[in-house]
Amino acid sequence: MEPEQLRDGPVVVGTDGSEAANRAVDWAADLAVRSNRPLRIVHAFTYVQGFYGGDLPASPEVYQAMEDEGRQFLEEARRRVAARAPELPVETDMPLQGSVPLLVEESERAGVVVVGTSGRGGFTGMLVGSTSVSLAAHAQCPIVVVRGAVDGLSGDGPVVVGVDGSGVSTAAVGMAFRAASVLGARLVAVHAWADVEYDWGFPEMAEGSTREQTEQVVLSEALAGWPERFPDVEVERVVVPGRPRQHLLERAQGARLLVVGSRGRGGFRGMLLGSTSQSVIHHAGCPVMIVRPPRQ
């Protein structure tokens, strides 16, 4: 699969009936329409143990009420999508499964998985808990966390992508070009560096030419070839000193989408999700796409 392409498969969105989930459903529906994909809406139905404060399972009545509520969430989401995109193929599902395992499993077949930032039921904890971080770390396709008061894909802001020269960053760049093309948006490619980065493995890059020239080369190499593949995308190149998360969060204000790799060259080997990715998931003012490295 080319790194700028979404894998074949539906757009999957998780819902729990909350306002945050509704925004995610709208965003996912718009993406499905623009990318000519079906939409799959899922709700994680967890059979609560210890519902009464002990080890006893919930009563059959409570179980049925939870199931009925979940089906109501799915039906409301379906109606919402029908009003927004009447011709869009939609399917729904409510497996008896936790939210993270469900969405990770869905990611094995999906083109992209979309979630909200907070919730009240099957996807509670997206804002401050570990759910979104765990999903972004383990999913097998790009993940979009819909942040901010957005109305689907409407707006005229840019797509912003974080670039650090790593292999995962290259995949993020390709996905960002595709997203900008689909949205009809310009692309802002941001490469920020901190001096400590080269002390660990790139000392030769800190000598010779000026640091800014070196970093300009890093960005140019990361973007090489993509403008030719997507001539409709206007590109703004930004090279600045400082911590990447700070500059990405600043650029995310007013953006339509922020795209980052799941981890970069500054992290520890073996980490599934880097600190910059975690920071933007929790604090960005726009939807965030996390791109993981392709399977070998």
Efficiency of FRET between ARG186 and GLU19 - r from beta-carbon atoms, R0 25 angstrom, step 0.05: 0.25
Go ahead and run the numbers for FRET between GLU61 and LEU96, Cβ-Cβ distance against an R0 of 22 Å, rounding to 0.05. 0.80
Karplus (6.51, -1.76, 1.60) ³J(HN,Hα), θ = phi - 60°, over the range 60-73, in Hz, Gly and Pro reported as x: x, 5, 5, 4, 5, 5, 5, 5, 4, 5, x, 5, 5, 4
Extend 7 Å from the Cα of SER35 along its Cα-to-C-beta direction; within the range 141-172, residues with backbone N under 16 Å of that point are 141-147, 152-154, 159-160, 171-172
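Where a number appears in this text, it was derived from the coordinates with a stated rule and is not lab data. Treat the numbers as computed from the prediction; the structure is a model and nothing was measured. Cβ coordinates were reconstructed from backbone atoms using ideal geometry, including for glycine residues, and neighbour counts include every protein chain displayed.
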